[in-house]
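Colleague: I'd like to ask you about the structure that follows.
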Amino acid sequence: MTSIIVGGHYGDEGKGKIVSYLALKDNPHVIARAGVGPNAGHTVVHEGRKYGLRMITCGFVNPKSRLLVGAGVLVDVKRFLDEVELTGVGGRIRVDWRCAIIDDEHKKADTGADSRRIGTTGSGCGPANAARVNRVARQAKDMPELKDYLADVPEIINDAIDEGREVMVEASQGFGLSLYYGNYPYVTSKDTSASTAAADVGLGPTKVDDVYVVYKAYMSRVGEDPYVRYLTDEEVKASAYWGGLLKKADEAGLDGTTNQKLAELLGEVGTVTGRPRKIGAFDFKLARYSARVNGATQICITCLDKLFPECAGVRDYDKLPEDALAHVGGIEEKVGVKATLISTGPAVYDVVDLRDGPS
Ligand code: GTP
Ligand code: IMP
Ligand code: MG
């Protein structure tokens, strides 16, 4: 089977967590990183350690899987090498020789006025993709530091498929950040849908069996984007779970606006930028649209425990409380796709896995 995992809202949905779970559970032969580049910050919590990865797939937690970086992905050489060292995957990771390189000048350009207006991550991705389109960017093959890691990623992936092996593709960002379909100009420098993730790693559309679209149980948004609304005080008051969370934040003595208190309580601070994320109610319209354009076969809902604390660490469907099940049911109904993975904590195995039906 070949699966692609993508974000269904504005990034930071917890794709890293879902990919690490699937990597251990489904034991893929190869796991390839697709998406934009090191603007992503994927978090994995495994065996008591927390990793914030920007270049290497979170599937690294499975020591048997071969790891790849697809040709569509921008490479920050230093960051890549640092992550190889951090994770100890040097012997089993390869980078497509055609990946474009993020140079210092791209990072510098990404702190300018245009980048600030959009609130970019400052990682140099936009300017590097612009250089790539102008055909002046360097490629992985031009970098001596990468020489031991170079490979033809589509060959490896398509060979694995021909041999009947499991292949997984990890995308980055989220649908609402797509250059084509997001809230332009408050978007990233590339399309973020599953079709582009497939192209990033050299997979033809007919080879993809499953598309998992990941949503958080609520919304968060980092960066400037006037189209994404904060939760209003009225909405917070009118909702049992938001009202309950605000009460907790007040009891804990947190200050600031309602959004700042909720962001702090929920731990919603950007992995790459350290900025507090804007908190919003689940956007069903965007979720449904993104499921359609991504061709979702399954949806995943993460951070259910943050809205419904009794869910923390639950792995059996029967142990999920009624209010949490009602929230999941509402999402399924409005999005029109079954939720098969429900994440109830940051640790890799905190998942209710319904892919074979409720256990
Ligand atoms: P991008 O590629 O940057 O969009 O990132 P991402 O989708 O991989 O998500 P990211 O790791 O930036 O943010 C998700 C955060 O939620 C991380 O801190 C995770 O550890 C955490 N997380 C993921 N799933 C759960 C969950 O079910 N419960 C809780 N409490 N935390 C979770
Ligand atoms: P850039 O991709 O750094 O150019 O940033 C463009 C927009 O996408 C900004 O609003 C960023 O905050 C947002 N963005 C890019 N990557 C991520 C991500 O991985 N998670 C969340 N937001 C992101
Ligand atoms: Mg992130």
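Every number in this text was worked out from the coordinates using simple rules, so none of it is lab data. Keep in mind the model is a prediction, meaning the values are calculated, not measured. Don't worry about glycine lacking a Cβ; one is built from the backbone with ideal geometry, like all the others, and counts go over all protein chains shown.
Colleague: Looking at segment 20-63, which of the residues that are of a type in the set (V, I, T) and within 24 Å of D162 (Cα to Cα) is surrounded by the most Cβ atoms within 10 Å (Cβ to Cβ)?
Modeller: T57
Colleague: So, one more: Taking the options D76, D82, name whichever one is buried (at least 23 other Cβ atoms within 10 Å of the Cβ) and charged (D, E, K, R).
Modeller: D76
Colleague: Just the residues that are in contact with a helix residue (DSSP H, G or I) (Cβ under 9 Å, 6 or more places away or on another chain) and under 12 Å from F60 (Cβ atoms), please, taken from segment 79-100.
Modeller: Within segment 79-100, E83, V84, T87, G88, V89, G90, R92, I93 meet the criteria.
Colleague: Out of the residues in segment 304-331 that are of a type in the set (D, E) and over 13 Å from L354 (Cα atoms), state the one that is surrounded by the fewest Cβ atoms within 10 Å (Cβ to Cβ).
Modeller: Result: E322.
Colleague: For the condition buried (at least 16 other Cβ atoms within 10 Å of the Cβ) and in contact with a Lys or Arg (Cβ under 8 Å, 6 or more places away or on another chain), what is the one hit in S115, S123?
Modeller: S123
Colleague: Among the residues of segment 63-73, are any free of Cβ contacts under 8 Å to residues at least 40 places away in the same chain, within 12 Å of ligand 1 (Cβ to nearest atom) and either over 15 Å from the mean Cα position of the chain (by Cα) or assigned to a strand (DSSP E or B) (or both)?
Modeller: no
Colleague: Quick one: how many residues across segment 290-329 are in a helix (DSSP H, G or I), away from ligand 3 (no atom under 16 Å from the Cβ) and in contact with a helix residue (DSSP H, G or I) (Cβ under 8 Å, 6 or more places away or on another chain)?
Modeller: Here the count works out to 13.
Colleague: Would you be able to tell me the number of residues in segment 241-279 that are within 16 Å of ligand 3 (Cβ to nearest atom) and not in a loop (DSSP other than H, G, I, E, B)?
Modeller: Total satisfying the criteria: 6.
Colleague: Can you tell me which residues in segment 2-37 are within 14 Å of ligand 1 (Cβ to nearest atom) and in a helix (DSSP H, G or I)?
Modeller: K15, G16, K17, I18, V19, S20, Y21, L22, A23 - these are the residues of segment 2-37 that are within 14 Å of ligand 1 (Cβ to nearest atom) and in a helix (DSSP H, G or I).
Colleague: Another question about this same structure. For segment 38-58, check the following and say yes or no: at least one residue is in a loop (DSSP other than H, G, I, E, B), over 19 Å from D209 (Cα atoms), within 14 Å of ligand 2 (Cβ to nearest atom) and of a type in the set (K, R).
Modeller: Yes: one or more hits.
Colleague: Tally time: how many residues in segment 216-238 are in contact (Cβ under 8 Å) with a residue 40 or more places away in the chain, farther than 16 Å from D305 by Cα and among the small types (G, A, S)?
Modeller: Adding up the residues that qualify gives 1.
Colleague: Among the residues of segment 343-359, count how many are within 16 Å of ligand 1 (Cβ to nearest atom) and either among the acidic types (D, E) or within 14 Å of G8 (Cβ to Cβ) (or both).
Modeller: So the answer is 3.
Colleague: Is at least one residue of segment 129-137 in a helix (DSSP H, G or I), without any contact (Cβ under 8 Å) to a residue 12 or more places away in the chain and surrounded by fewer than 18 Cβ atoms within 10 Å (Cβ to Cβ)?
Modeller: yes
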